[in-house]
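Working notes for the structure below.
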Amino acid sequence: MSTYNFGHVNGPAGFGDPGSTADPYALDLESLMHTADRLTETLHAEYPALVGHGEVIQRELALSAEDGLPPNRGRIRTALEVVAIRAAAGTGSLTYTQHLTHALGL
């Protein structure tokens, strides 16, 4: 018999807990922007041909910060998928890509 608590598996930590006010769609934009910057820097070193995809992610997150609207997940997803397909396992590029994919729920 499992001791895992299945009662609170419907969202981010705190979401779904009784009395919780956590917003499941809130993104820490500053952290995402920092990670996107690191991805682009790493792409410069590891895969210069993919730098444009990192810049797309940076632009979309910056635009989101400016206008207060959610980032364009479609454009970000497309850029992340291209990097994920072409980046080798164990590279920093793939690690940052996976982190952004998970953080954005893509």
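In the complete set of protein chains, residue-level accessible area for Asp67 is approximately 80 Å², probe 1.4 angstrom.
Tell me the net charge near Tyr47. Cut-off is 15 Å between Cβ atoms, Tyr47 excluded, with +1 for each Lys or Arg and -1 for each Asp or Glu. In short, -2. Using heavy atoms of the protein chains and a probe of 1.4 Å, the accessible area assigned to Arg73 is about 80 Å².
The values are calculated or read from the model by the stated rules, or taken from the named source; none is laboratory data. Not measured: the values here are computed from a predicted model. As a convention, Cβ positions derive from the backbone with ideal geometry for all residues, glycine included, and neighbour counts pool all protein chains shown. With ligands, DNA and RNA removed, areas are computed over all heavy atoms of the protein, side chains included. Shrake-Rupley method; radii C 1.70, N 1.55, O 1.52, S 1.80 Å.
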